Amino acid sequence: MSRLEAKKPPLFVSEPLTKDRVSQSLSLLSRVFKSCYGPAGRLKQLHNGEGGYVCTTSQSSALLGRLSVSHSVLSVLTASVQNHVSRFSDCGLFTAILCCGFIENFKSLSIAPCTVVKITKHLLSLCVDYLRSEACGCRVSVDFSSVETLLCLVRSVLTSKPACMLNKTEVDHLTVLILKAFMFTIPCPVETNAALGKCVIVPLKGRRVVDSTVLPGLLIETPEMQLANPLTVKRACSNMIKVALFCVSMSGDCCSAGEGTITVCRGTSLEVSELNQLLSVGKQLVNDEVGLVVCQKVIHPCLKQYLQENHVMAVDRAGLSLMEPLSRMTGSKPIASARWLSPSCYGSLKDVCVKSFTSKHFVHLIPNDAVVCSLVLCNRNETAWDELKRACETAEHVLQLTIKEPLALLGGGCTETHLASYIRHKSRSLSTSSFEALDCSRAQYHLVADGFCRSLESVACSLNHDDGEILTDTVYGHCWFVQSGFPSVCNWSDLVSKCGCGITGNTEDLSWRLLQDQFGSPITQGCPKEPSAKAAGFLALDCFAAKCSGLQVALETANLILDLTYVIEDQN
């Protein structure tokens, strides 16, 4: 068949960052990310332009998954941030804003990209080494014998998601629930190859947030008509409830046998044969003293009735997502055939009961050891609930990462401004041999270092959405926010009470400077210190692993984009 039109040659775009279309799109994307950042971030509504589902969010995971970009350079940026979020769940907007800041600050320098890459890699190593050193003044150790720091971590995640629409009472309630749910997933005693359990989120939309609760074990929703009253479940000799878990359909449909040709004798009914086979399985379950049968798919009504008559509880349509936690919690092995049973596949439970929340009814499976739990999550409407679910999953992941590396970084912009102060201090004390090793001049190094620091500070500035002023002190290098509408003649000390993270109060003789005025002005402060006395109250904390990764991903992605010479686009 002949072509309807001639094949177009590929489009070669040289130096893509110099093109107005790319620069304008990058600047717009940066403004979108910055406007979403922090507890006071502005919400975004995303939809496909043809109606359908509308997502209201300020979270990077939802934003990047639904945001279409117009240029392949921007696709590199968004894909890199999405990959970071898929691994760490947190600090997605931090990574995106910082990456955009690096690109905007470095592309304006008249320095070869290869030289910029060398210098920024050195600056990154200084940051990472400092963050991992005991002398670091912007990190805190997490003590798992006390819940105070853990609560601050969870609370910081929740308060940074304004679309969840939570007040202080609701934040406090959910913070305790999430931490409690996480504690349920920690095995006790901890063995050599111990693995964390699982928290399953159960949706209850249209209810008050304070109605949320956490329960050990699993909740499986089931119609009220299936629940006998009173609930009687057969128990084995050890007073435990023996459990059989099926991951295959027990509906009796012939199609469940798979593809192929079935040969039957004249007068034989396949449906009757299948049902007889299922009832034979049911008899074996009863003989083996099984008290609970859970099926991922459908159980035939006749088999279900037979089991119930013999005091065996049957729960079907459990779904694929519950198979792994069910197997983990009960110790049962999913049975993949309705024709063969082995007693070694059975597991056990401590108890089974019924839980009801408004019009929804659940079978509550209570385990012997609670490494699996159910978080019954409530919120006023579907939009707020979806955002809250993502926030809870992020908080749980942050706690899991913190177990591996029990550290946290100061939030509220303080880590960014503190790091910028540290880098400025270190860059002034480098020896001539360091510049020779990097194959750059002292002036080139200081230009790149200043762009690096201003990129970090731009992240802190993004937390301010109300036209106030942002300060940094010259002792600790922390970030301080001044609300708009302050008197034209006043002392900064009269306008601030605590720094952004809340660890430092205005109780010392501190001096401040505007963050925006640091470019081009002499920096006379020394190495930023760690606060000797911590202010009482809530601290804003960030996940150490997620933020360190975000810093590295942002810089590596920016260097990759800055080093692009050609973009080749297929126009067909």
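The values are calculated or read from the model by the stated rules, or taken from the named source; none is laboratory data. Because the structure is a prediction, the values reported are computed rather than measured. Ideal geometry is used to build each Cβ from the backbone, glycine not excepted, and the neighbour counts take in all protein chains shown. Surface accessibility is based on the protein's heavy atoms, side chains included, excluding ligands, DNA and RNA. Shrake-Rupley method; radii C 1.70, N 1.55, O 1.52, S 1.80 Å.
Could you tell me which of rounded, prolate or oblate describes segment 1-133, using a ≥ b ≥ c as the square roots of the eigenvalues of the alpha-carbon gyration tensor, with rounded for a/c under 1.5 and, failing that, prolate when a/b is larger than b/c and oblate otherwise? In terms of gyration-tensor shape, oblate. Which value, in Å² and to the nearest 10, is the accessible area of residue 353 when all protein chains are kept and the probe is 1.4 Å? For residue 353, the solvent-accessible surface is approximately 40 Å².
Based on DSSP H segments of at least four residues, each scored -39500 (n - 2.57), the chain has a per-residue ellipticity at 222 nm of -13000 deg cm²/dmol. One Cα centroid belongs to segment 538-572, the other to segment 403-417; the line between them spans 19 Å.
Bridging of residue 7 to lysines at a Cα separation below 28 Å is possible for 19, once same-chain residues fewer than 8 apart are set aside.
Taking the protein heavy atoms of segment 386-481 in the context of the full set of protein chains, the accessible area attributed to carbon and sulfur is 49 percent at 1.4 Å.
What you get for segment 1-93, charging only the Cβ of Lys and Arg (+1) and of Asp and Glu (-1), is a dipole of about 80 debye around the Cα centre.
Given Cα pairs under 8 Å that are at least 6 residues apart, what percent is the relative contact order of the chain? Don't skip to the answer; put the middle values down first.
On the way: 989 pairs, mean separation 140.2, N = 572.
Contact order relative to length: 25 percent.
Between residue 217 and residues 5 or more places away or on another chain, which pairs have amide H atoms under 5 Å apart, with H built 1.01 Å from N, and which residues are they? Long-range HN contacts for residue 217: 372, 373, 374. Only lysines eight or more places from residue 118 in sequence, or on another chain, were considered; those with a Cα closer than 18 Å are 107, 426.
Summarising the label geometry, the points placed 7 Å from Cα in the beta-carbon direction at residue 342 and residue 431 lie 6.7 nm from one another. Within the accessible surface of segment 1-119, defined with a 1.4 Å probe on protein heavy atoms only, the carbon and sulfur portion equals 54 percent. How much net charge surrounds residue 127 when only the other residues with a Cβ under 14 Å from the Cβ of residue 127 are counted, with Lys and Arg +1 and Asp and Glu -1? My count for the surroundings of residue 127 gives +2. A simple spin-label model places pseudo-atoms 7 Å from Cα toward Cβ; at residue 129 and residue 305 they are separated by 7.8 nm. Would you mind classifying segment 148-224 by shape? Square roots of the alpha carbon gyration tensor eigenvalues, ordered a ≥ b ≥ c; an a/c under 1.5 is rounded, otherwise it is prolate if a/b is larger than b/c and oblate if not. Oblate, since a/c reaches 1.5 and b/c is not below a/b. Computed extension length for residue 46-residue 380: 118.2 nm, one decimal, from 0.36 nm per residue of separation with the Cα-Cα distance subtracted. Per residue, the accessible area of the chain comes to 47 Å², computed with a 1.4 Å probe over protein heavy atoms only. Of the residues 44, 333, 107, the one with the largest accessible area comes first in the ranking 333, 107, 44, computed with a 1.4 Å probe on protein heavy atoms.
Other residues within the sphere of radius under 11 Å centred on the Cβ of residue 280, judged by their own Cβ, net out at +1 (K and R +1, D and E -1). Shape analysis of segment 1-70 places it in the oblate category; the axes a ≥ b ≥ c from the Cα gyration tensor give an a/c of at least 1.5, with a/b not above b/c. Taking a sphere under 10 Å around the Cβ of residue 55 and counting the other residues whose Cβ falls inside, with K and R at +1 and D and E at -1, yields a net charge of 0.
Across 425, 478, the residue with the most accessible area heads the list, and the full order at a 1.4 Å probe is 425, 478. For a Förster distance of 56 Å, can you work out the FRET efficiency between the beta-carbons of residue 19 and residue 53, rounded to the nearest 0.05? With R0 = 56 Å, the Cβ-Cβ based efficiency is 0.95. Candidates 93, 105, 33 compared by Cα position along the dipole of segment 28-108: farthest toward the positive end lies 105, with charges placed on Cβ.
Legend: calculated FRET efficiency, residue 509 to residue 368, from the Cβ-Cβ distance at R0 = 60 Å, rounded to 0.05, equals 0.50.
Per 0.36 nm of contour for each residue apart, how much would the distance between residue 237 and residue 333 grow if the chain were fully extended, relative to their Cα-Cα spacing?
Going from the current span to full extension adds 32.5 nm.
Per-residue surface analysis assigns residue 428 an accessible area of about 110 Å², computed on protein heavy atoms at 1.4 Å probe radius.
Among the protein heavy atoms, those of residue 190 account for about 110 Å² of accessible surface (1.4 Å probe, every chain in place). Figure note: 454, 42, 87, 339 ranked by solvent-accessible area, largest first, 1.4 Å probe, ligands and nucleic acids not counted: 339, 87, 42, 454.
Segment residue 5..residue 144, full-extension length gain: 43.3 nm, with 0.36 nm per residue of separation and the alpha-carbon distance subtracted.
Over segment 35-93, what relative contact order in percent results from Cα pairs under 8 Å that are six or more residues apart?
Answer for segment 35-93 is 27 percent.
Across the chain, the convex hull enclosing all Cα atoms gives 234 Å³ per residue.
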